[in-house]
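Right, one structure below, let's go through it.
We did not get these values from a lab; they are worked out from the coordinates using the rules stated. Computed from a prediction, not measured in an experiment: that's the story for all the values here. Positions of Cβ are generated from backbone atoms using ideal geometry, with glycine treated the same way; all protein chains shown enter the neighbour counts.
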Amino acid sequence: MIRLPHLVAVVTMAAGSTLSPTAAADTSLPPCPQSNPVITPTGTSPLVDCTLRSNGLTFAVNYWSVPELPRPRAVKVTVTDRSGAVVQTIDELLEPSTPGGAGLQDVDGDGRDELIIPISQNLLNGANPNTRFAVWRADGDSQHYERTQMVGQAAYPSGDGYLVTNAGGLASRDLTFYLPTGAGYTLVTVLTIEVLEADPATNRALTVNCRAHQEDGQHAVDMSIRQAEDYFCNSPAARAIWPDAERVAIKRWGLGGN
């Protein structure tokens, strides 16, 4: 299982700050060749200096590298409003394995794009590539973006008010549920959905089980670990994983485990 809180700031540094009025973005940059971010296992996009636009804001994306390194090592995004005034700068350190450039996408379904910056891509369970990425979110009409680091192969609305990231391997998926807030996202719970039995001829999952893991953010939705498991394992996002397989419950409550 992926324990996201322990990954934060291990090999990545990020900062968001308001610049002085004398700072300026590069207005000569062309539009980005691909506006949507790439965090899928096989997708890639170029890391080039370019411009993104959304919600009346302009995002000037500049990559930094040195001649002896094959890939950009950092990216700076300068956010300006309609008047051209800089409202925030966002900096991320990148790893050589990053699969693509920064992009904009409404991943939580609130009607406003988030800034997504892929950081690195690594194999999980020795087989499936999963991307570590930063999601910068502004709440409502705010022009200030807050950062949350995530890991997965996809991020999308859960269907019941949460943002979910989907990570894992061929026979096990980790779904991490986040609650959108004014401070970015609060990690509420992580589900592990595992295949217990598969058809040997087709590899189709026949039976699966789902379990929740205790996270500090469960207090934000006033749920115990048992309540979180009952609720989130039956959510639209969880039911969409191997939807035709039989769900097998594991009775572990009252045994001291979580």
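Taking amide H positions as placed 1.01 Å from N in the peptide plane, with prolines and chain starts having none, which residues 5 or more places from residue 25, or on another chain, fall under 5 Å of its amide H? Close amide H contacts, sequence-distant or interchain: none at all. Only the Cβ atoms of Lys and Arg (+1) and of Asp and Glu (-1) were treated as charged; on that basis the dipole of the chain about its Cα centre amounts to roughly 360 debye. Full extension of the chain segment joining residue 224 with residue 160 gains 21.2 nm, where the gain is 0.36 nm per residue of separation less the Cα-Cα distance. Given R₀ = 35 Å, FRET efficiency for residue 69-residue 214 by Cβ-Cβ distance, to 0.05? With a Förster radius of 35 Å, E is 0.30. For segment 158-258, the Stokes-Einstein estimate of translational diffusion at 37 °C and a viscosity of 0.692 mPa s comes to 232 µm²/s, using the Kirkwood hydrodynamic radius over alpha-carbon pairs.
In terms of other Cβ atoms within 10 Å, 213, 219, 144 run from fewest to most in the order 219, 144, 213. The string of couplings for segment 180-189 from the Karplus curve (6.51, -1.76, 1.60, θ = phi - 60°) is x, 9, x, 10, x, 9, 9, 6, 8, 7 Hz, one whole number per residue in order, with x for Gly and Pro. Label reach from residue 54 (point 7 Å along Cα→C-beta): in segment 92-116, amide nitrogens under 18 Å belong to 92, 99-116. In the chain, helices alone account for a calculated mean residue ellipticity at 222 nm of -1000 deg cm²/dmol, with every DSSP H run of four or more residues adding -39,500 (n - 2.57). For a modelled paramagnetic label at residue 34, 7 Å from Cα along Cα-to-Cβ, the residues of segment 104-122 in reach, with backbone nitrogen under 19 Å, are 104-107, 114-122. Taking the three principal axes of the alpha carbon atoms in the chain, the coordinate ranges are 62, 40, 29 Å, sorted in descending order. Calculate the FRET efficiency for residue 91 and residue 123 from the Cβ-Cβ distance with a Förster distance of 25 Å, rounded to the nearest 0.05. Result of the calculation: an efficiency of 0.40.
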